[in-house]
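Before any comments, here is the structure.
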Amino acid sequence: MTANNTVSQLSPVMPTYGRFPVTLEKGKGSYVWDDKGKKYLDFTSGIATCNLGHVPDAIKEKLEEQLQNLWHCSNLYNIPNQEKLAALLAANSCGDQVFFCNSGAEANEAAIKLARRYANKVKGSGSSTVVTFKQSFHGRTLATLTATGQEKIQNGFAPLMPGFSYLPYNDMEALEELGELKPAAVLLELVQGEGGVIPAFPEWVQKLDQICKENGILLMVDEIQTGIGRTGTLFAYQQYNVEPDVISVAKGLGSGFPIGAIIAKEEAAKGFEPGSHGSTFGGNPLATAAGLATVTHILENDILTNANKMAEYLDQQLENLSTKYAFIKETRGKGLLKGLVVDTDASAIVKKAIENQLLILTAGPNVVRILPPLTVTKDEIDEFIIKLEKAFQSLEKGE
């Protein structure tokens, strides 16, 4: 009640999200249903989170098993699922040791802390600067929004955290500044997701890797959105012929269950020791049950083969669509992380898609972001194209 005893019309939830007028109640595979029973084709995957689709049976089974035993315990005790998942991630990456947390922002926060502490305590270099790139997105904590190279994300949060520098993305000449800056680490996305679905140039990444090695700079790759199969390999860096010192993961790691992690090479991991970092909920039995089941299922059931085949098919269908609509300027991305560049308002397309029972996203004002699950089928991609084209036609008619 308000002071004058009238009922407040404000939602008790803070208005931090520009929500669509849809209330989702159920999901299975590539589909979700709202509170009125309407069925939607979901090509957002919870923003690259439900990589195996909604409520995958294999993950549900393992979570139900864990729910019967233990939900949470302190990280002061051994957690078998945590050990198993860490071993699986290390065995299938270039890393050696894993720290678990609860989200992508926390994973990048941990990476930043590790880089600073490694520089100060292990190398004794005194340099704690982390270099990131313009148009990047690394999270919403104070440190990770400072690391993010977008003013709109940082707006209103001054003073920002010190110790960050920004370089232009995919710019070969700008990399020469790293030798002068001599930062503790470089943090980058290999496909800038929120920044417009922009893949890194392979030759640029390899030059960056070479400069980092020559100058003792940690190379840290933000795989929050690109990891766990989203780009066609378990991690996007595996397509670039480089080996990062630190990899941050989250989103697809738990099939929708909150979990994040950093995977570090043994040398970089020396930056952490008992008491230097921690998390109450990070890596608890339930979260790591979801993570272990997810990664195991992807590796043991040829999910990446399907993802790559479907990515190729989706590319073909989007290319066909671009020949029919002049406002489509480009399709870009990797694997099943696609960006459709348009010369119109992308958010208007998203709204019309919802009216046609299709869920998609934006990545900036002129990019439509498309994120089907890795388990998507040809029939579902065909359905997506039909629904998307209906949205286009509706916009063209001014409806």
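To the nearest 20 debye, what is the magnitude of the charge dipole of the stretch 160-238 about its Cα centre, counting +1 on the Cβ of each Lys and Arg and -1 on the Cβ of each Asp and Glu?
Value, rounded to 20: 240 debye.
If the elastic network links every pair of Cα atoms under 10 Å, which of Ala287, Ala147, Ala326 fluctuates the most in the Gaussian network model of the chain?
Result for the chain, Cα springs under 10 Å: Ala326 fluctuates most.
Between (1) 135; (2) 121; (3) 175, which matches volume of the Cα convex hull per residue in Å³ calculated for the structure shown?
Given (1) 135; (2) 121; (3) 175, the structure-derived one carries the label (3).
Between Lys329 and Ser347, what is 0.36 nm times their sequence separation minus the Cα-Cα distance? Round to one decimal in nm.
Computed gain between Lys329 and Ser347 is 4.9 nm.
Stretched out fully, how many nm does the piece from Ile386 to Glu267 gain, at 0.36 nm a residue minus the Cα gap?
Between Ile386 and Glu267, full extension yields an extra 37.8 nm.
Please give the residues of the stretch 237-269, grouped as numeric ranges, whose backbone N is less than 18 Å from a label point set 7 Å along the Cα-to-Cβ vector of Lys213.
What the label zone holds, given the 18 Å backbone N cut-off, is 237-247, 265-268.
With just the Cα atoms of the stretch 300-393, tell me how far they stretch along each of the three principal axes, in Å, largest first.
41, 24, 23
Determine the relative contact order of the chain: mean sequence separation of Cα pairs under 8 Å and six or more apart, normalised by residue count, in whole percent.
About 22 percent, as a whole number.
Let's test the formula: R0 of 22 Å, r as the Cβ-Cβ distance of Glu65 and Lys26. What FRET efficiency results, to the nearest 0.05?
0.50
Starting from the Cα of Lys134, step 7 Å toward the Cβ, then list every residue of the stretch 194-225 with an amide N under 19 Å from that point.
Residues 194-201, 204-205, 208 qualify, since their backbone N sits under 19 Å from the label point.
Between the stretch 184-242 and the stretch 106-166, what is the separation of their alpha carbon centroids in Å?
The stretch 184-242 and the stretch 106-166 have Cα centres spaced 16 Å from each other.
Can you tell me the length gained on complete extension of the stretch Ala58 to Ser11, counting 0.36 nm per residue apart and subtracting the Cα distance?
Between Ala58 and Ser11, full extension yields an extra 13.3 nm.
Please report how far the C-alpha centroid of the stretch 360-393 lies from that of the stretch 35-80, rounded to the nearest whole angstrom.
So the separation of the two Cα centres works out to 24 Å.
For the pairs Lys121/Lys334; Lys38/Lys397; Lys338/Lys390, note any where the Cα-Cα span goes beyond 30 Å.
In this structure, Lys121/Lys334 exceed 30 Å between Cα atoms.
Ignoring ligands, DNA and RNA, please state the percent of accessible area on the stretch 224-344 from carbon and sulfur, probe 1.4 Å.
Using a 1.4 Å probe with all protein chains present, the stretch 224-344 comes out at 45 percent carbon and sulfur.
Accessible area, 1.4 Å probe, largest first: how do Phe257, Phe235, Phe281 sort?
From most accessible down to least: Phe281, Phe257, Phe235.
Under a 1.4 Å probe, what is the accessible area of the chain per residue, stated in Å²?
47
Accessible area, 1.4 Å probe, largest first: how do Asp96, Asp379, Asp222 sort?
Greatest to least solvent exposure: Asp379, Asp96, Asp222.
Evaluate E = 1/(1 + (r/R0)^6) for Thr305 and Ala158, where r is the Cβ-Cβ distance and R0 equals 41 Å; express this FRET efficiency to the nearest 0.05.
0.30
Going down the list Lys329/Lys352; Lys28/Lys378; Lys113/Lys207; Lys134/Lys207; Lys62/Lys84, which pairs span over 22 Å between their C-alpha atoms?
Lys113/Lys207, as the Cα separations exceed 22 Å there.
When only the heavy atoms of the protein chains count and the probe is 1.4 Å, how do Trp71, Trp204 rank by accessible area, highest first?
Ranking Trp71, Trp204 by accessible area, largest first, yields Trp71, Trp204.
Put a dot 7 Å past each Cα toward the Cβ at Glu319 and Glu151; how far apart are the dots in nm?
3.9
The values are calculated or read from the model by the stated rules, or taken from the named source; none is laboratory data. Remember, it's a predicted structure, so these values are computed and weren't measured experimentally. Counting neighbours? That spans all protein chains shown, and the Cβs are built from the backbone with ideal geometry, glycine included. The accessibility values were calculated without ligands, DNA or RNA, using every heavy atom of the protein model including side chains. Shrake-Rupley method; radii C 1.70, N 1.55, O 1.52, S 1.80 Å.
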